[in-house]
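Bear in mind these aren't lab numbers, they're just calculated from the coordinates by the rules spelled out. What you are looking at is a predicted structure, and each value in this text was computed from that prediction instead of being measured. Every residue, glycine as well, gets a Cβ built from its backbone with ideal geometry; the counts of neighbours run over all protein chains shown.
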Amino acid sequence: MLDPEYLLKTFSYLGLALIIFAETGLLLGFFLPGDSLLITAGLFAARGDLNLGVVIGLTVVAAFLGNVSGYAIGRQFGPAVFARARFLKPEYVEQAREYFDRRGNQTLVLARFVPIIRTLVPTLAGTIQMSPRTFMIANAVGALLWGAGVPLAGYGLGKIIPADVLDKYILVIVGVILVASFVPVLLEINKRRRR
């Protein structure tokens, strides 16, 4: 059901836009296939099944609006959730606020490229009441870099790999890319454990 190839063949551009919006803007969307979907869309565009310009345009807009939604959710409901939840201590919010004051812009941009993190960061930015102007600028830059860069990488890969090989091994290629996208998360977790 979450196979990127199936999703694109079945739901095409609409499915792409909705999944990117949900993955980047709704906390329950963390499990959706963002990177692998965009790589696959780029591969499909290289084959001529999708239009690369439309893929990039939809992705940038959906990613931008998704983060705006996550920010609004965090701003509206985040403080109340932190006040009630036992495992979410108020000092966590303060630590996050200090971190975002120092590295908020780059975090919003770089989080786009890390699964699960890209779902959480905009909501956290809203929860700590990050400046809307600062958020919107970093959000736009991140949406543009990720929304254009990942499909373009898939497109480039699709132009290099012969069509018959691509058709046979598309799932393997997307799987390798998906696993590789989790490497930064695993490295960061390992680094924090050692501390």
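Some points to look at:
- One equal scatterer on each Cα of the stretch 18-152, no solvent, Debye formula: the resulting log10 I(q)/I(0) at q = 0.14 Å⁻¹ is -0.59.
- Across the stretch 43-67, the residues whose backbone nitrogen lies under 20 Å from the label position 7 Å along the beta-carbon direction of I161 are 43-53, 55-56.
- Look at the Cα gyration tensor of the stretch 29-70: its axes a ≥ b ≥ c give a/c of at least 1.5 with a/b at or below b/c, and that counts as oblate.
- Inter-label distance for E5 and T134, nm, one decimal - labels placed 7 Å from Cα along Cα-to-Cβ: 4.5 nm
- Rounded to 0.05, the FRET efficiency of the L14 and A72 pair, given R0 = 22 Å and the Cβ-Cβ distance, is 0.45.
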